[in-house]
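The values are calculated or read from the model by the stated rules, or taken from the named source; none is laboratory data. All figures in this text were calculated on a predicted structure; none of them were measured in a lab. As a convention, Cβ positions derive from the backbone with ideal geometry for all residues, glycine included, and neighbour counts pool all protein chains shown. Surface areas here come from the heavy atoms of the whole protein model, side chains and all, with no ligands, DNA or RNA. Shrake-Rupley method; radii C 1.70, N 1.55, O 1.52, S 1.80 Å.
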Amino acid sequence: MKTYRKELWFNVPTRRAFVNITPEVQSCLRDSGVKEGLVLVNAMHISASVFINDDERGLHADFTRWLEQLAPHEPVRQWRHNDTGEDNADSHIKRQIMGREVVVAITDGKLDFGPWEQIFYGEFDGRRRKRVLVKIIGE
Amino acid sequence: MKTYRKELWFNVPTRRAFVNITPEVQSCLRDSGVKEGLVLVNAMHISASVFINDDERGLHADFTRWLEQLAPHEPVRQWRHNDTGEDNADSHIKRQIMGREVVVAITDGKLDFGPWEQIFYGEFDGRRRKRVLVKIIGE
Amino acid sequence: MKTYRKELWFNVPTRRAFVNITPEVQSCLRDSGVKEGLVLVNAMHISASVFINDDERGLHADFTRWLEQLAPHEPVRQWRHNDTGEDNADSHIKRQIMGREVVVAITDGKLDFGPWEQIFYGEFDGRRRKRVLVKIIGE
């Protein structure tokens with residue numbers, strides 16, 4: 001069994017953003033030499049997500065507006081987590097909706113994807129350095 | 001290490017439906033010959049889900065009504081994604097809530113399930129041919 | 001390839017609770033002897049979750065209040081699932097939001113975690129014995 005590990009680093013200049021990381025994961029897969037197996041891609045921070053959906057700007061605007069309605073940043077005092085001095089309680093909740101991780105099949109050395117699947121890093125509390133883990137196991 | 005791959009095809013006649021695919025995944029597992037490992041089951045389309053919950057009609061009605069309240073299909077103009085000419089923005093969001101994939105343990109050649117766990121394909125934009133991927137790794 | 005399996009048992013005295021199970025999963029990992037691979041941790045019941053987030057009491061209070069707004073327990077008659085005689089429809093929905101499972105990378109014999117990641121059992125219909133499955137594969 002082969003294994004491979006790499007951290008992808010981000011420093012998103014805004015509080016919220018969606019970044020397509022499919023090319024970086026494909027590059028990891030090539031470096032790993034794994035032809036058959038699984039790749040786990042997960043946020044290493046608990047105020048960020050990794051998820052698979054469409055690379056379409058309008059949909060990302062919809063996600064942003066909809067998440068803000070479901071778990072608003074303001075007023076920050078509505079969340080008990082922010083009593084600790086933080087202001088990012090909403091980002092912990094948004095990440096829970098969008099998910100921590102994806103597991104993708106590897107077949108013939110490629111990400112085994114449907115026609116529109118793309119992997120995104122979802123940042124909900126940016127403006128600092130944060131990481132995603134890529135872990136590959138297989139043969 | 002053994003690996004196994006199969007696509008399950010669906011053509012749900014309605015926009016929305018929940019389909020119990022546990023028997024198909026069990027059949028894949030038997031074909032694979034894997035006794036110990038993991039099975040990944042994921043929607044290959046970004047407007048559909050794979051998830052594990054109860055096979056109970058009332059609960060599925062609850063899911064449908066609740067998802068429609070959270071991310072309504074109508075009016076379609078409320079979503080920027082639909083400016084592209086699509087009308088399925090809500091289905092991308094519903095799939096995000098219900099999840100893309102499940103990973104299930106394989107023990108003694110069986111899905112290692114609790115008493116009520118069943119695997120469902122969740123369709124949110126049906127009336128066309130769509131796919132689920134089953135990928136098994138193990139020994 | 002090595003595999004390892006263990007059930008963690010819970011009997012939460014309240015309807016809802018979040019239990020940090022990171023030490024138990026780390027103990028499983030040590031017992032397994034696996035140095036490189038993946039660990040799957042999943043609820044075996046469909047009214048409970050396993051998820052990764054912050055071990056902070058205020059955030060857990062936020063999760064509890066926010067989930068109750070999204071999918072209220074009362075009135076129980078609002079949910080068709082409860083027509084079966086159950087009163088736990090809301091717990092099936094809450095578990096869907098918070099997730100069934102996590103998959104965590106194993107590197108150098110340790111859970112490959114970012115600085116604040118902790119694994120939680122999320123109980124939404126407690127006051128009885130329920131289980132979490134830990135399945136490890138690797139070398």
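Based on Cβ point charges of +1 for Lys and Arg and -1 for Asp and Glu, what charge dipole magnitude is obtained for the protein assembly as shown about its Cα centre, in debye rounded to the nearest 20?
In total the dipole reaches around 420 debye.
The heavy atoms of B:Met44 offer some 0 square angstrom of accessible surface to a 1.4 angstrom probe.
Once the 1.4 Å probe is applied to the protein heavy atoms, the protein assembly as shown comes out at 37 Å² accessible per residue. For A:Glu36, nonlocal amide neighbours, meaning residues 5 or more places apart or on other chains whose placed amide H falls under 5 Å from its own, are A:Gly109, A:Glu139. Here is the size of chain A from its Cα atoms: Rg then Dmax, 16.1, 51 Å.
Along the range C:13-20 the Karplus relation, 6.51 cos²θ - 1.76 cosθ + 1.60 evaluated at θ = phi - 60°, assigns HN-Hα couplings of x, 10, 4, 10, 6, 10, 10, 6 Hz to successive residues, with x for each Gly and Pro. Across the protein chains, with a 1.4 Å probe defining accessible surface, the residues B:Lys94, C:Lys35 rank C:Lys35, B:Lys94 from largest area downward.
When the surface is traced with a 1.4 Å probe over the full set of protein chains, B:Cys28 keeps roughly 0 Å² accessible.
Normalised by the number of residues in chain C, the average gap of Cα pairs under 8 Å and 6 or more apart makes the relative contact order 55 percent. When C:Pro23 is represented by a point 7 angstrom out along its Cα-to-C-beta vector, the spacings to that point in the other copies are 4.7, 4.7 nm, nearest first. Accessible surface for A:Glu86 stands near 90 Å², nearest 10, in the context of the full protein assembly shown (1.4 Å probe). Using Cβ point charges alone (K and R +1, D and E -1), the dipole size of the range A:33-131 about the Cα centre works out to roughly 400 debye. Among residues other than A:Asn20 whose Cβ falls under 12 Å from its Cβ, what is the net charge (Lys/Arg +1, Asp/Glu -1)? Here the charged neighbours net out to -4.
Counting, for every residue in A:76-89, the Cβ atoms of other protein chains within 10 Å of its Cβ and taking the mean gives 4. Based on DSSP H segments of at least four residues, each scored -39500 (n - 2.57), chain B has a per-residue ellipticity at 222 nm of -8000 deg cm²/dmol.
No solvent, one uniform scatterer per C-alpha: report log10 I(q)/I(0) for the protein assembly as shown via the Debye equation at q = 0.07, 0.10 1/Å, two decimals. So the normalised log intensities are -0.29, -0.63. The local environment of A:Arg57, defined by Cβ-Cβ distances under 12 Å, has a net charge of -4 under the rule Lys, Arg +1 and Asp, Glu -1.
Between identical copies, the spacing of C:Arg77 label points, each set 7 Å from Cα toward the C-beta atom, reads 3.9, 3.9 nm from nearest to farthest. The distance between label points at B:Asp55 and A:Ser27 comes to 4.6 nm (points 7 Å beyond Cα on the Cα→Cβ vector).
Each other copy places its own label point for A:Met1 at 0.7, 0.7 nm from this one, sorted shortest first, where the point lies 7 Å along the Cα-to-beta carbon line.
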